[in-house]
1. Taking the simple approach of a point 7 Å from Cα along Cα-to-Cβ for both ARG201 and ARG132, what is their distance in nm?
2. I'd like to know which of ALA125, ALA137, ALA71 lies farthest towards the positive end of the charge dipole of the stretch 52-194, counting +1 on Cβ of Lys and Arg and -1 on Cβ of Asp and Glu.
3. Just for the Cα atoms in the stretch 72-169, what are the lengths along the principal axes, largest first, rounded to whole Å?
4. Under the Karplus relation 6.51 cos²θ - 1.76 cosθ + 1.60, θ = phi - 60°, what is the ordered set of whole-Hz ³J(HN,Hα) values for the stretch 46-51, x standing for Gly and Pro?
5. Note the full-extension length gain between SER108 and MET158 as 0.36 nm times their separation in residues minus their Cα-Cα distance, in nm to one decimal.
6. Taking only the Cα atoms of the chain, how large is their convex hull per residue, in Å³?
7. With an 8 Å cut-off on Cα pairs and a minimum separation of 6 or more residues, tell me the relative contact order of the stretch 57-197 in percent.
8. At 1.4 Å probe size, put THR38, THR16 in order of accessible surface, largest to smallest.
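The values are calculated or read from the model by the stated rules, or taken from the named source; none is laboratory data. If you're wondering where the values come from, they're calculated on a predicted model, not measured in any experiment. Because the Cβ atoms are built from the backbone with ideal geometry, glycine has one as well, and the counts that use them run over all protein chains shown. Heads up: the accessible areas ignore ligands, DNA and RNA and are worked out on the full protein's heavy atoms, side chains in. Shrake-Rupley method; radii C 1.70, N 1.55, O 1.52, S 1.80 Å.
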Amino acid sequence: MNRVVVPELLDHLAPTDPAAQRSRRDLRRINFLMGNETWVCRVAGRFPAAAAHGISEIGAGDGHLSAKLAARFPLAEVAAYDLAPRPHGLDDRVKWIQGDLLAQPPPSPGGIVVANLFLHHFEAAALGALGRWMEAARVVIFNEPDRGVLPHFLGALMWPWINRVTRHDMHVSISAGFVSGEISALLGLEPQHWQFEETSRWRGGRCVIGWRT
Ligand SMILES: C[S@@+](CC[C@H](N)C(=O)[O-])C[C@H]1O[C@@H](n2cnc3c(N)ncnc32)[C@H](O)[C@@H]1O
């Protein structure tokens, strides 16, 4: 099954649109069921020295994961990047950077870059640019959709509980997701400088941890 990137509805809805707000709530539920945020926080805990140089979450959505990271690392600077405006009530410790990520200056060197259900938005050329954007990081932690038949099937089981935006975006996301080795290769993070651990989880996540050697 080849990778197909199709625009997602949520990216084109106003943040105040009720359908977008409902879809962000659906995403939170999906993250809970997939164990995504718990996994990212646990892995970040393996790299306290890098966390001390700052943690950047790209495509931060409603900021829930960034807030969790800020709570887990009380001394670290946590920055969240998204097209959407700063969510109401987000912990003041999270610095919110609104706009197209690739138009922003890269994060300060030596820290951690985290992405949850974000990289799959991009075609190969943009992923290459994203890889260059984050190349000064010491650690990268990504949880993305696993591209395959089983994730589509598991996603379809959720239809009764999610709105039309989430239904569309979920299957588009899985088709734009990744198979083994694809994320690091598309980002262009060179194996001579980076070591990777990669797993796919039955709940549909493709999990990549990379650190500079
Ligand atoms: C599928 S949502 C995931 C959000 C969040 N990580 C979560 O798990 O709930 C993808 C997010 O990426 C953001 N996004 C898409 N393209 C972007 C870009 N070029 N620059 C910054 N953020 C972007 C969208 O606004 C959206 O919030």
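1. 3.3
2. So the residue furthest toward the plus end is ALA71.
3. So the three principal-axis extents are 41, 35, 25 Å.
4. Ordered by residue, 3J(HN,Hα) equals 6, 10, x, 5, 5, 4 Hz.
5. Answer, rounded to one decimal: 14.1 nm.
6. 108
7. Taking the mean separation of contacting Cα pairs over the length of the stretch 57-197, I get 20 percent.
8. THR16, THR38
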